[in-house]
Amino acid sequence: MSERVRQKCSHSEEKYQTNISSETLDSGCLNSATVCGVDWTTLPDDTVIQLFSNLNYRDRASLASTCRTFRLLGSLPCLWGSLDLRSYKFDTAAAVSLSLRCKNLQRLKFPAAGSADAIVSLQARELREISGDFCRDITDAALSVIAARHEMLESIHLGPDPCERITSDAIKALAYCCPRLRRLWMSGVKEANGDAINALAKHCRQLMELGFVESDNIDEVALGNLSSLKFLSVAGTRNLKWGSVAQVWSRLPQLVGLDVSRTDVNLSAITRFLSLSRNLKVLIALNCPVFEGEVDRNTMHNNKGRILLTLFSDIVKGVASLFADNLESVTDVFQHWKEIRNGDKNLDEVVVWIEWAISHSLLRIAENNMKEFDDFWLTQGAAVLLSLLQSSQEEVQERAATAVATFVVIDDEDATVHCQRAEAILCGDGIRMLLNLARSCQEGLQSEAAKAIANLSIDSKVAKAVAESGGIDILANLAKSTNRLVAEEAAGGLWNLSVGDEHKGAIAEAGGVKALVDLIFKWPTSSTDVLLERATGALANLGADEKCSMEVALAGGIHALVMLARTCKFEGVQEQAARALANLAAHGDSNSNNAAIGQEAGALEALVQLTYSQNEGVRQEAAGALWNLSFDDKNREAISAVGGVEALVALAQSSLDASQGLQERAAGALWGLSVSETN
């Protein structure tokens, strides 16, 4: 395959974690602060601080180690108020290295598994917000330790992966240790009994937002004791008794927003919520099959000025009715709100919560990728996602970008996308929005935006728009990122764009060839198989162009590809490396790549060995490479000397029931070798 689409990553957290080096963080000062004759220490302090603020924390720490002036400015508390460590291996040693800079840390995003001791070792006693990904392995004990050491916590978010080992014990610990808690959002908790929820009601008197999403065994009656709640989400949660739920929750005195999306809520409960809740303004019920099967969509209207958001209602107009006088003029509802904010704190809280809740449910709906949602996506879903891309909340923007990357995919293996959905994003100015996010200094936004751009670029119209909007330059730069996940998604984008002959030259001019080759040398280990497959796939496409093939060779691509063919055990990488070598060798006398591959140590032996692979794609590409290489006189003799004739004969004999492409390449390689009298 020459292209791939990538849905929401389900890889383990270890795949994308890059080690945090204490040497990087605390290395000594350089003797000189001048580079290329420029004395960087003469820059105004404000300019230097702005420069630091646009760097990830590793680059920030590295720059701070270059001279005394930068060390002083780079350690200012304003630069270390927030940390995003989700893409890095965050252990105790790394935390100790960071601890001196984290005295005033207030916001932390972290890979949850195994991070409890590391978070404590940060000694960030001023922490106000924590957000953890990959939460499957976080335990009651780990969460309790975090809570006990950070009594100032006001916001805790664990998800979207399910917190399968979190029970009522950890929730009670949070209640006892974190009395300032205002927001608690957890996905897939094992259980939350009455004692735990009542502990929250008793000790966390400022708790205004609670989310138990996609969970089991939640005591719905006890939730009615949380009198301070303004916003409650149980999206995707099972086993709720809606008869008692509607009666109890309707009595919550402060409840403004309720999200029951993706549950089995019924029409009776929805009607009760709308008619009985004293202060309820927004009820979100996206993808609720029971309710949707019972309701008469023509007669279901908002009750007493309350807004009901469903898949069959006009979501944009519903949200806009909270603050807009002329609903017809509002198309980009969340961007419109950003522009007209009128200082109404309560209304701002409502819109922020709506963004959060809708983005989460739309991502889940996109991940299910069911055909029955086609009409929804084309009539309004795509437009809502585009509006969410411009949210003021970084997490919402990330989820919206991930949802765009996911909902356009029809079949991941066949590299196909839904053309109408892709066109909806294109016509809605989505490419510009995604490229703006990709330019962000936030690595989470960079990776998710690059993923969306990569998947959309399977469509030729979108690929053209990406190229014309400067997307190739942006992806080439992201491919140089020190964050492995960002580089991986950027490589995927270049892979898909390089399918079109019209984009190959632009990728080379943007420095994309060198960036892709450098990725192979930077991360040649087995834990980066997907990144390597994407980088080699892009190089294989580029190698089919004569001019680009010379760029690949000049950048050290032949050595890199042979190294992978010899040492990598991942079949996807083997297939793309062999295909890349085949394309590089296909230009005959127009350049010297064919001979150069034959002279590269171990190249021919590796290709011969790949013809014995259990994977048909690997065998086919290896045979194709040997076929192209056999047009060089010296290569013919060398291939024969390393057992190529025997291997190809065996391949030809065993491929009678294989694809026509494999048979042709095996026969072609044997024909090429037969030109030699020796063979």
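Just so you know, all these numbers are worked out from the coordinates, no wet-lab data involved. Just so you know, these numbers come straight off a predicted model, no measurement behind them. When we count neighbours, we look across all protein chains shown, and the Cβ atoms used for this are built from the backbone with ideal geometry, even at glycine.
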Determine one quarter of the surface area of the Cα convex hull of the range 109-201, which equals its mean projected area, and express it in nm² to one decimal. 4.8 nm²
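Fully extended, how many nm does the chain gain between residue 641 and residue 345 (0.36 nm per residue separation, minus their Cα-Cα distance)? Could you put the intermediate results ahead of the total?
Values: separation 296, 0.36 × 296 = 106.56 nm, distance 7.78 nm.
Full-extension gain reported as 98.8 nm.
Tell me, what is the FRET efficiency for residue 654 and residue 71 to the nearest 0.05, using R0 = 56 angstrom and their Cβ-Cβ distance as r?
The computed FRET efficiency comes out at 0.30.
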Across every pair of different alpha-carbon atoms, what Kirkwood hydrodynamic radius in Å does the range 397-477 reach? 12.3 Å
Positive-end extreme of charge dipole, the chain - chosen from 453, 87, 255 (charges on Cβ): 255
Please list, in chain and number order, the residues 5+ apart from residue 237 or on another chain whose amide H is under 5 Å from its amide H, with Hs placed from the backbone. 214, 215
Taking only Cα atoms of the range 540-679, what ratio of Rg to Rh do you get with Rh as the Kirkwood inverse-distance radius? 0.93
Helix 168-177: inclination vs the chain longest Cα principal axis, degrees, rounded to 10, gives 70 degrees
Relative to the chain, whose Cα atoms define the longest principal axis, helix 512-522 and its Cα axis are tilted in degrees, nearest 10, by 90 degrees
Please report, in whole Å, how far the alpha carbons of the range 602-679 spread along each principal axis, starting with the longest. 31, 23, 17
Note down the nm distance, to one decimal, between modelled labels 7 Å out along Cα→Cβ at residue 633 and at residue 414. 4.9 nm
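Gain in length, residue 225 to residue 596, computed as 0.36 nm per residue apart minus the alpha-carbon separation, to one decimal in nm?
On the way: separation 371, 0.36 × 371 = 133.56 nm, distance 7.48 nm.
Full-extension gain reported as 126.1 nm.
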When the Karplus curve 6.51 cos²θ - 1.76 cosθ + 1.60 is applied with θ = phi - 60°, which whole-Hz ³J(HN,Hα) does each residue of the range 458-469 get, with x for Gly and Pro? 4, 6, 5, 5, 5, 4, 4, 5, 4, 4, 5, 9
Please give the charge dipole size of the chain, origin at the Cα centre, charges +1 on K and R Cβ atoms and -1 on D and E Cβ atoms. Round to the nearest 20 debye. 2520 debye
Could you tell me which of 246, 556, 356 has its Cα farthest along the dipole of the chain towards the positive end, charges placed at Cβ (Lys, Arg +1; Asp, Glu -1), taken about the Cα centre? 246
If the chain between residue 378 and residue 674 were fully extended at 0.36 nm per residue, the gain over the current Cα-Cα distance would be 100.8 nm
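Compute, for the range 109-201, the length of the dipole vector about the Cα centre, with Cβ point charges of +1 (Lys, Arg) and -1 (Asp, Glu) only. Units Debye, rounded to 20.
Values: 11 positive and 13 negative charges, 53 e Å.
Dipole of the range 109-201, to the nearest 20 debye: 260 debye.
If packing is taken as the average number of other Cβ atoms within 10 Å across a peptide's residues, how do 593-599, 280-286 rank, most packed first? Walk me through the intermediate numbers first.
Details: 593-599: 20.0, 280-286: 22.3.
Result, highest mean Cβ count within 10 Å first: 280-286, 593-599.
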Across the Cα atoms of the chain, what radius of gyration and what greatest pairwise Cα-Cα distance (Dmax) are found, in Å? 28.2, 93
Using R₀ = 60 Å, calculate the FRET efficiency as 1/(1 + (r/R₀)^6) where r is the Cβ-Cβ separation of residue 664 and residue 202; round to 0.05. 0.20
On a 0 to 90° scale, report how tilted helix 557-567 is relative to the longest principal axis of the chain, with both axes built from alpha carbons and the result rounded to the nearest 10. 80 degrees
With +1 assigned to the C-beta of every Lys and Arg and -1 to the C-beta of every Asp and Glu, and no other charges, what is the dipole magnitude of the range 602-679 about the Cα centre in debye, to the nearest 20? 60 debye
Any idea how far the Cα center of the range 462-524 sits from the one of the range 211-257, in Å? 47 Å
The range 499-507 - phi-based ³J(HN,Hα) in whole Hz, Karplus 6.51/-1.76/1.60, Gly and Pro as x: 4, x, 4, 6, 9, 4, x, 5, 5
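If you average over every viewing direction, what projected area does the convex hull of the Cα atoms of the range 431-548 give, in nm²?
Numbers: hull surface 24.6 nm².
Taking the Cα atoms of the range 431-548, their convex hull projects to 6.2 nm² on average.
Give the Kirkwood hydrodynamic radius (Å, one decimal) of the range 546-618, defined as one over the mean of 1/r across all pairs of different Cα atoms.
On the way: mean 1/r = 0.0819 Å⁻¹.
After inverting the mean inverse Cα-Cα distance, the result is 12.2 Å.
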